[in-house]
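Structure record follows, encoded as C-alpha cells.
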Amino acid sequence: MRKFKQSSLAICIQAIVAASSLLAVQAVSAEEAPKAKVKGLEVIEVTARKRVENVQEVPVSVSALQGENLDAFSSAAMDIRFMNARVPSLSVESSFGRTFPRFYMRGLGNSDFDLNASQPVSLVVDDVVQENPILKGFPVFDVERVEVLGGPQGTLFGRNTPAGLVKFDSVKPSQAFEGFASLSYGSKNTTDLRGAIGFGITDKLSTRISVLRQDRDNYIDNAAPGFEQNDVLGGYTDQAARIQFLYEADDFTALFNYHTRDLDGKPVAFYANAFKPASNDLLDSFDRDTVQHDSASRATQQVETEGASLKLEFDLGDYVLTSISGYESAELFSRADVDGGYGSVFAPSMGPGVISLDSETADAIPEHEQLTQEVRLSSNYDGDFNFQVGAFYFSEDLVIESFAYDPVFSGGAQTGYVEQKQDTSAWAIFGSFDYDISDVTSVTLGLRYSDDDKEYSNRRTQTPLGFLGFPDEASGSVNPSDTHVSWDLSVVHKLDADTNIYARIADTFRAPSVQGRSLFAFDESISVAESETIMSYETGIKADILDGYGRLNATVFYFTMDDQQLTSVGGSGGNVASLLNADKTTGYGLEVNSEFMLNDNWSITASASYNKTEIKDDALAVPTCIQCTVTDPTFDVDGTTLASVDGNSLPHAPEWIYSFTARYNKEIGDGEFYAYTDWSYRDEISFFLYESEEFKGKSLFEGGFRTGYTWDGDSTEYDVALFVRNITDEQQAIGAVDFSNNTAIVNEERFVGAEFKVSFF
C-alpha cells in the first residue's frame, strides 16, 4: 500500500490544529451575530438539476438529509450504511463492512460482491461521480446536505443511473470564520473525533479544512476449537480529511477540493450456519460477539483513497460556463473467513454445522485511477426559455487481484490467484431545456447521447481446486461497448402559491458490465451483461401546508426495465458471481415525505414508501444454495440444482419502508434542552435472486434517541449530548453467504454514547 496518503492525512490534521490556534483570538474577540428565529419550516434548496432550486419546485422525487437529522443518523461512528431505510425507497448494505456499500433504490440494485461491479444507483460527491464501489464508502463528515433522487437521472448525470442518484455536498469555504470540533465516546470503546475550520485568507480567497477519525477496539471473540482468541474482530481505525480552497471574483469562482481516506480495520463478521433449519430465525444460542473461524487472526481490511477536483465557473452575463475536473484513486486489501466456520467436509473436523467448502479469500485493488471532465454552459435569461448544454468524459483504469488460502492443511498458505484488468472510457453530450408555457406551468426536456467502451481481461495462474482437476492457467478477454440516447420530459404546474404538481417520463441505461470471477471456476468464467434500459413514469404533488408549518410531498411511479442486469451470486456454483440479463422487470410504488412544526417546541418528520418489483423471464434460472430450503421451482442441469426466478421480486427490495423523527426543545436557563428520536422500518427482503426459507431477511425495525443541552459562549456554541442507536437491540440477519453453508451477516447491535461539541464563529 502506498504511504503518501498517511502523510497527507497528517498534514491536514496538523493544518487544522495550527489554523485553530492562530485564529482562536479572533473567535474570542469577534462580535456575536444575532440568530434570527425562523418562522415555519426552513426552505430546502437542492441541486438535483445542477442549479440551486427550492426542492418544492423540482419535478423530481427528491429527499434531503441535512442538519440534526444527518448528525443523529451518523452517530456511533457509523459509516455510510446509516442511510439504510432513512429515506423512502432507499436500502444500503454491504458484505465488506465499512467499505463497498451497495445501494438499492425503488427495488433496483446490484448484490454483486466483485470489485468491478457496477450499480444502477449512482453516487456523486461534490459534483464528481464515484464509480468504483470502494470509492462509494468514503466517510460522511462535514456534509451540508445529502440529496436522494429517485428514478432515472441519465440526462444530467449520465450512465448507470436508472434507479436514481445519491448526491453529497460538503460544507464549502466562506469568508466567515467558523468551525467546530466534536468528540463522542461509546460502546466497544468507540471514539468519533471530527473537526472543521474555515476562514478567509484574503478578501477573495477562503479555505475550509475538515478531518475525521473513528476508532473501535476489536470486541468479537473466536471460539473455534484450536483457534480460540479474544477480541480478534470488529475493530477499525478510519481516518479521512478534506481541504478546500475557494476563490471568488466578480465574474469568476474557482473551488479546489482535495480529500483522502485511510482505513485499517477488520472485515464484516460472517457467522456459519446461524439460522435454524428451514427458518430465517437466528439460532437461540446465536451470539454476535462470538465467531468460530479458523482464520480470524489473519482477517484484515485496508483501504486508501484520495482524490481532487477543480470546479471553475465563469459568469458571462446571460450565461454561466462551468468546468468540473475530477481525479479519484483507490487501493484496497481485504481478507476474511468467508464461510464463517472452521474446517470442512474435507478436514478432520468442522463447525459450527456442516461446512461444505472452507473459504478464506482476499480481494485487492493494487491500481486504480478515475478521471472525469465536465463542461457545461447554462443560460440566465429573464424570459420564458433557459437551457443547459454540455459534454462529459470518463476514464477508469482498474486492476483487481483475488487470492485463495488454505486454512485447514497449511495454516493459511496461498492456494489461488487471479488478476483482472479493466479499462473503461465513456463520453457524452447532453442538454436540458426549460420553457415556461405560462406563469404557472413549465416544461423541461432533457437529452443525452452516451458512448461507453470497456476492455476487460483476466488471468488465473493458480487454482485452489487443483485436487478436483481444475487447471492453474485460465485466461480470457472481452470488449463490450454500447451507445444510448437518454431522455426525459417533465411538466410542473403550480396549483397555487404553495402547491405544485408534476409529471415526468424518463429513459436511460446502465452500460454493459463484465464479471470474471474465475478463482473457483474451471475456466476463465467471464460473463457479460448487455446494457439494461428503463422507461419510468411518475407523477407527484409537493405542497407547503399549515401556513408554512407543514410540508407534504408524494409521488407515484411505474417502470419497465428491459434486459435488467442481474448477478447470480454464489449458490451451488461456488464462490463465484455470474452476470445475467432478465428479459423484463416491472416495478411500481409510491413515496411520501412529510415535515411539521407542531409548535415552537415540537417538530416531526414522517416518510413512507411502497415498492413492488417483479422479474418477468420464464427462462431465467440460477444456482441455488448448498443447504437451504428453496421455495422456488427447481430442476437439475448437469448435476447443478437451478431455481426458476420468474415472478420473484428483486433481491434487497423491501416493499415497505417507514421512517419517523420527533424533536422537542425547551429553553432552560441560558441554553436549550432538546430530545430527539428517530425510527425506521424496512420490510422483509430476499437476499438472493432465488427465494428460500433461510435467506428471507426478516423485517428490521430500529430506533435511536438523543438528548442534550446547548448553550452559547463568546462567539461559541456548546453542545453536550447522550445518545443510543438501535435502542431495542434488534438482532437480525441482513445478508448471507450461500455457497458453503447458511452463513449470516447481522446488523449492528445497540450502541450507547456521549458527545461534546463546540462550534465557533
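Only the coordinates and a few stated rules stand behind these numbers; no lab work does. Not measured: the values here are computed from a predicted model. Cβ sites come from the backbone with ideal geometry, for glycine too, and all protein chains shown count toward neighbours.
So here's what we get for this one:
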quantity	calculated
Taking the stretch 4-760 and dividing mean pair separation by its residue count, relative contact order in percent (alpha carbons under 8 Å, at least six apart)	12 percent
Separation in nanometres of the label points that stand 7 Å from Cα toward Cβ, at Lys584 and Leu371	4.3 nm
Within straight-line cross-link reach of Lys757, aspartates and glutamates at Cα separation under 16 Å, skipping those fewer than 8 residues along the same chain	Glu68, Asp71, Asp142, Glu178, Asp192, Glu672, Asp712, Asp714, Glu717, Asp719
Selection from Ser536, Thr586, Pro464 lying farthest towards where the dipole of the chain points positive, charges on Cβ	Pro464
Ellipticity estimate at 222 nm from DSSP helix runs (n ≥ 4, -39,500 (n - 2.57)) divided over the chain, nearest 500	-1500 deg cm²/dmol
Mean Cα-pair separation over length for the stretch 467-521, i.e. relative contact order, pairs under 8 Å, 6 or more apart, %	33 percent
Within the chain: Cβ-based charge dipole about Cα centre, in debye rounded to nearest 20 (Lys, Arg +1; Asp, Glu -1)	680 debye
Per-residue Cβ neighbour rank within 10 angstrom, fewest leading, Glu455, Glu304	Glu455, Glu304
Neighbour-count order for Leu620, Leu552, Leu332, fewest beta carbons within 10 angstrom listed first	Leu552, Leu620, Leu332
Estimated FRET transfer efficiency (Asp547, Ile429; beta-carbon r; R0 56 Å; 0.05)	0.80
Listed residues Asn648, Cys625, Phe705: farthest to the positive end of the dipole of the stretch 613-719 (Cβ charges)	Phe705
Point-to-point label distance, Ser297-Asp712, nm (Cα→Cβ direction, 7 Å offset)	5.9 nm
The stretch 60-75 and the stretch 509-524: distance between their alpha carbon centers, rounded to Å	36 Å
Cβ-based net charge around Lys204, under 10 Å, with every Lys or Arg adding one and every Asp or Glu removing one	-3
Over the stretch 541-643, relative contact order from alpha-carbon pairs under 8 Å, at least 6 apart, %	24 percent
Greater than 30 Å apart at Cα, pairs in Lys542/Lys698; Lys188/Lys276; Lys188/Lys698	Lys542/Lys698
Sorted by Cβ neighbour density within 10 Å, fewest at the top, the residues Asp287, Asp337	Asp287, Asp337
Label assignment, volume of the Cα convex hull per residue in Å³ derived from the structure, set (i) 146; (ii) 228; (iii) 189	(i)
Cα-centred dipole magnitude for the stretch 235-359, charges only on beta-carbon of K, R (+1) and D, E (-1), debye, nearest 20	640 debye
